[in-house]
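Undergrad: Questions regarding the structure given below will be posed in turn.
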Amino acid sequence: MATHCVNLSKFFKITWVQYQWKKNRIKSFASSAPTSEAGHLEAEAFTVLVHNTCSLKCLRALHARLAVTGSIRDNYVFTVLVERYLSLGKPAPAASLFAEGYHSRPTVYSLNLAVRCFSDHGFHRELLDLYRELCGFGSDNFTFPPVIKACTAVSCLRLGREVHCRVLRTGHGGNVGVQTALLDLYAKAGQINVSRRVFDAMVERDLISWNAMVSGYSLNGCFQEAVEMLQEMQQGGMRLNASTLVGIIGMCGGVEAKDVGSSLHALAMKYGVIADEPLTSAFISMYSAFDNLSSSRLVFNMQPMKDLVSFNSMISAYMQHCNWKEAFEVFRLMHCAGLGPNLVTVVSVLPSCNEFFGINQGESVHGMIIKFGLSEQVSVVSALVSMYSKLGKLDSAMLLFCCFTEKNNLVWNSMISGYLVNNEWSRALDAFCKMQIEGVAPDATGIINAISGCRHTKDLPMAKSIHAYAVRNKFESNQSVMNALLAMYADCGDISASYTLFQKMEIRMLVSWNTMISGFAEIGDSEASLMLFFQMCHEEVQFDLVTLIGVISALSVSEDATIGESVHSLAIKSGCNSDVSLTNALITMYTNCGIVESGQKLFDSCSANTITYNALMSGYRKNNLSERILPLFYQMVKNDVKPNLVTLLNLLPVCQSQLQGKSIHNYAVRNFTRLETALFTSAMGMYSRFNNIEYCSKIFSLVGERNIILWNAFLSACVQCKQADMLVHLFKHMLFLNVKPDAVTMLSLMSACSQLGDADFAACVTAVILRRGFGAKVLVLNALIDMHSRCGSISFARELFDSSVEKDSVTWGAMINAYSMHGNGEAALDLFSVMIDSGVDPDDITFVSILSACSHSGFVEQGRKLFKSLQAIYGITPRMEHYACMVDLLGRTGHLDEAYDIVRTMPFRPSDNLLESLLGACRFHGNSKIGESVGKLLIESEHGKSRSYVMLSNIYASAGKWSDCEQLRSDMEAKGLRKDVGVSLIGMA
């Protein structure tokens, strides 16, 4: 520090001696030289002295010496001193020179010089403060333009109006420079009409005035007025320059005025300004906005000397259209031309690495960034962190982030986004918290990123904390933050909190309405979705495509076709029906409502994509039209529409043979780089339908990371293939591996226990279920009742039933079915009556159980009454199972005519099991007439199964119709059918 002071003192002494020596030379020369020349020499000496003072301390020392000698009172000395303070970035001491009294009454000239200095160095606020203090000493045409420009720069319209009044009072309102500054002030303040009044009042207008007016119209979005002003300017004989055209060219892209843009291009060529740097970049951006990249590239190529701005504009144009390769090629051309990149270049080109090229190009660009000294720039570090994160190099992104010391919101947001891109939700939330600990207050982008993390983790307490932070820091007025909170609460399962927040919002944007409508649709609350849609229309908020898709999705859940058709009509009227996303939603809605043909018509009328095919396939499955799915798949392949995971998940459950299933499975292995859990589980389900437990085991063994869903799928396959022993072994292995079972696991275990029929093992399973806390689940309780009843423990099943606090219709049905299986029809009927008295409405499955109980016990009258009440009282359309129970009941009890009447009047073709049941009853009761009729129906439907022929043959034999019996056996032999060989099993103790 002492050394520095000595050096400073030495420097000051030398420079001051030089100044005094030159000044003395001037005095001695003054007698012979003219006064003006002497003054010029003295000014030159002072200028050298001042500009040699490279530090603030030197300048202050010189300031003090000049004050002592009185030289500071000289206007020139005073002005140069002010300029030097400003060049060193110190406006305060420059302004204090006026306040220190060196000019008891500053002249307008000195004020103008100081004002100009402040304006040139960009100290606009300080200029206005200085002007407020000294405006009383007078102003002229040179004072007002910099002052008005300062008002424009700091957006101080009030002071600008005061200056305008002073201009008019002092009689300077007719000066072109002053008027131009005023019209620019009003234009940039959004008062373009006032600008036009100032312009119209101008007696003389120069090119700068015209340009300011054209630029003002462009800035305020008045495209037509800007074009008219340009035409008026040409008609007035004013020659255009690049500044005239830049603003209006920028507007052409926004309003898609292609014709005007082409005319402006021709105009620029006519006036010879096409090669100007600002115009080249403007035309490149304009043609890019027109989606005409070839013209943008042509403008770029025609520029003889390409500067950095032109290269950046061309790179940006390609990047905006996701032409990653072309953008990088322009970047290479720039490098070959010897131009080093700047911040704009690298921030623009880095996304091409993560979107198209890869890590090699990204690291090359990173090396170039280091070479050109840009690696410490905040925006560059942020772009690099984002690039490495999106390329999956999270460690590299974290290393860059940690090594950068001056972390601001931009860098933190990039790192948090990087965690989100790599599915590191918890780390993203931790970074959000650490950001605040380190003193960086999150902005709207940071809060939205944190909200996104909560949406994936379903961390509702953390979500509420972020909401509280947003409220505390005045982000409630930020619509993006509020809309993100709406979606977050909906995704976290708290739709009520989302709706409460929605009601409190002062301004509800369209996205807010769409979020709530879709949120209620996802939880199946179609009534709330429709209510919001009607409220939205009532408040005259214009819906869009997303709104309609949300409403239609809600109607798909509620299966309300009437309102769905109305919404479809609304979509047609609004012109949204041509969008394939809406068509897909409508197909799903119609098929969910059972109107498959409408869904088919929509499919046939649109350009179907993968999602469209999947929607129709899912509709076929829902409506039991599985036979249509495979032909639709063949059509999909023929039309070169690529199947995805959902397509295969629709196909696997409807395969008619194991060979078809294998083919689909092989297609997935060949064409999908990563197989999802859903595909493994679906494939196991398909193989288990064909009793191929070996393939299920192979699939399970090939999966690397097994989750509980895969375990459950394999256990379910064991149940399907009647491999109860294997299931028990797998369950033990699962517990050994510390895989936590869930309710679905327990259901499979109970199904295996039911297959084994072992009461002791059933008791062990029950103990496991109760110990692991699954006994409180109604679904598990119902399965326990069914398991114990199938294992013969009907009394324990009843104990479980009586001990359950919460009983649904399935619980009652399970107990009724238990009595039915054990032949206790009376107990089943009594329990059914208690169920009705308890206010629980029976479902269609409960009716199957109670009708079956009546059949086993021979309760004909009770069965008839129950069958009639099925549709009349409970509104349940009888299914095949209900008809089969009634036919079995009537057949067992000898009411064959009534049973046959039911068969003839059924709304659909009777099943083979139903006909076999009635045929067996006819043989038992010796009714050959009805038996013959039923037998013929059975032979036709069975397509030649030997069992049907044998049963009918036995009826003919019992009735003594030997000729018919012989004829039937001859037909059987002609078709190559043989009677199944009987087998007897003897158990050895």
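Undergrad: Residue 169 to residue 275: extension gain in nm, 0.36 nm per residue of separation minus the Cα-Cα distance?
TA: Additional length available on full extension: 33.7 nm.
Undergrad: Can I ask one more? Hey, with R₀ at 35 Å, roughly what FRET efficiency would residue 69 and residue 129 work out to, going by the Cβ-Cβ distance, to 0.05?
TA: 0.75
Undergrad: For the pairs 622/777; 390/504; 325/642; 57/371; 434/458, note any where the Cα-Cα span goes beyond 30 Å. Present the calculation step by step, with values, prior to reporting the outcome.
TA: Working: 622/777 27 Å; 390/504 37 Å; 325/642 26 Å; 57/371 35 Å; 434/458 20 Å.
390/504; 57/371, as the Cα separations exceed 30 Å there.
Undergrad: Using DSSP to define loop residues, name the trypsin sites (Lys or Arg not before Pro) in the range 387-477 whose beta-carbon has at most 14 other beta-carbon atoms within 10 Å.
TA: Numbers: sites: 390, 393, 407, 427, 434, 455, 458, 464, 472, 474; in loops: 393, 407, 458, 474.
Within the range 387-477, the qualifying trypsin sites (Lys or Arg not before Pro) (loop, at most 14 other Cβ atoms within 10 Å) are 458, 474.
Undergrad: Expected output is a single nm value to one decimal: the length gained when fully extending between residue 705 and residue 298, i.e. 0.36 nm times separation in residues minus the C-alpha distance. What is it?
TA: Contour length minus Cα-Cα distance gives 141.1 nm.
Undergrad: Same structure, new question: Please report how far the C-alpha centroid of the range 155-195 lies from that of the range 215-247, rounded to the nearest whole angstrom.
TA: Using only Cα atoms, the two centres lie 20 Å from each other.
Undergrad: Under 19 Å Cα to Cα from residue 464, which aspartates and glutamates show up? Leave out anything in the same chain fewer than 8 places away.
TA: Counting by Cα, and skipping residues close in sequence, residue 464 has these aspartates and glutamates nearby: 430, 443, 476, 491, 494.
Undergrad: I need the shape label for the range 767-905. Rule: rounded when a/c is under 1.5, else prolate if a/b > b/c, else oblate, with a, b, c from the alpha carbon gyration tensor.
TA: prolate
Undergrad: Something else: Given +1 on the Cβ of Lys and Arg, -1 on the Cβ of Asp and Glu, and no further charges, what dipole in debye does the chain carry about its Cα centre, rounded to the nearest 20?
TA: Here the size comes out at about 3360 debye.
Undergrad: Turning to a different aspect of this structure: For the range 462-473, what does the Karplus curve 6.51 cos²θ - 1.76 cosθ + 1.60, with θ = phi - 60°, yield as ³J(HN,Hα) per residue in whole Hz, taken in order and with x for Gly and Pro?
TA: Couplings: 5, 4, 5, 5, 5, 4, 4, 4, 4, 5, 5, 9 Hz.
Undergrad: Let me ask another. Once you keep just the Cα pairs under 8 angstrom separated by 6 or more residues, what percentage relative contact order results for the chain?
TA: Numbers: 1164 pairs, mean separation 24.0, N = 989.
Dividing the mean separation by the residue count of the chain yields 2 percent.
Undergrad: Indicate the gyration tensor shape class of the range 608-654 (rounded, prolate or oblate), computed on the Cα atoms with a ≥ b ≥ c the square roots of the eigenvalues: a/c under 1.5 is rounded; otherwise a/b larger than b/c is prolate and the rest oblate. Let's see the in-between values first.
TA: On the way: a/c = 1.67, a/b = 1.54, b/c = 1.09.
Cα axes put the range 608-654 in the prolate bin.
Undergrad: Which order do peptides 692-703, 823-834 fall in by mean Cβ count within 10 Å, highest first?
TA: Going by the mean number of other Cβ atoms within 10 Å, highest first, we get 823-834, 692-703.
Undergrad: When we measure straight from the Cα of residue 573, which aspartates and glutamates land under 14 angstrom away, once same-chain ones fewer than 8 places off are left out?
TA: List returned: 544, 565.
Undergrad: What distance in nm separates the two pseudo spin-label positions at residue 176 and residue 737, each 7 Å out from Cα along the beta-carbon direction?
TA: Result: 8.7 nm between the two label points.
Undergrad: Using Cα centres only, tell me the gap between the range 843-902 and the range 389-432 in whole Å.
TA: 67 Å
Undergrad: If you take the square roots of the eigenvalues of the alpha-carbon gyration tensor of the range 508-597 and sort them as a ≥ b ≥ c, do you get rounded (a/c under 1.5), prolate (a/b over b/c) or oblate?
TA: oblate
Undergrad: At 0.36 nm per residue, minus the direct Cα-Cα distance, what do residue 559 and residue 329 gain on full extension? Give it in nm, one decimal, please.
TA: Going from the current span to full extension adds 77.4 nm.
Undergrad: Here is a further query. If I take R0 = 56 Å and measure r between the Cβ atoms of residue 527 and residue 60 in this structure, what FRET efficiency does the formula 1/(1 + (r/R0)^6) give, to the nearest 0.05?
TA: 0.10
Undergrad: Express the relative contact order of the range 508-597 as a whole percentage, based on alpha carbon pairs under 8 Å and six or more residues apart in sequence.
TA: With pairs under 8 Å counted, the relative contact order is 28 percent.
Undergrad: Another question about this same structure. Percent relative contact order of the range 283-422, based on C-alpha pairs within less than 8 angstrom and at least six residues apart?
TA: Across the range 283-422, relative contact order equals 16 percent.
Undergrad: Moving to a separate point now. With r as the distance between the Cβ atoms of residue 505 and residue 290 and R0 = 25 Å, compute the FRET efficiency 1/(1 + (r/R0)^6) and round to 0.05.
TA: According to the calculation, E is roughly 0.10.
Undergrad: Given labels modelled 7 Å from the Cα in the Cβ direction, how far is it in nm from residue 908 to residue 88?
TA: Between residue 908 and residue 88, the simple spin-label model gives 9.6 nm.
Each reported figure results from applying straightforward, stated rules to the coordinates on display, with no laboratory input. Since the model is a prediction, treat every value here as computed from it, not as a measurement. With ideal geometry, Cβ positions are generated from the backbone for all residues, glycine too; neighbour counts draw on all protein chains shown.
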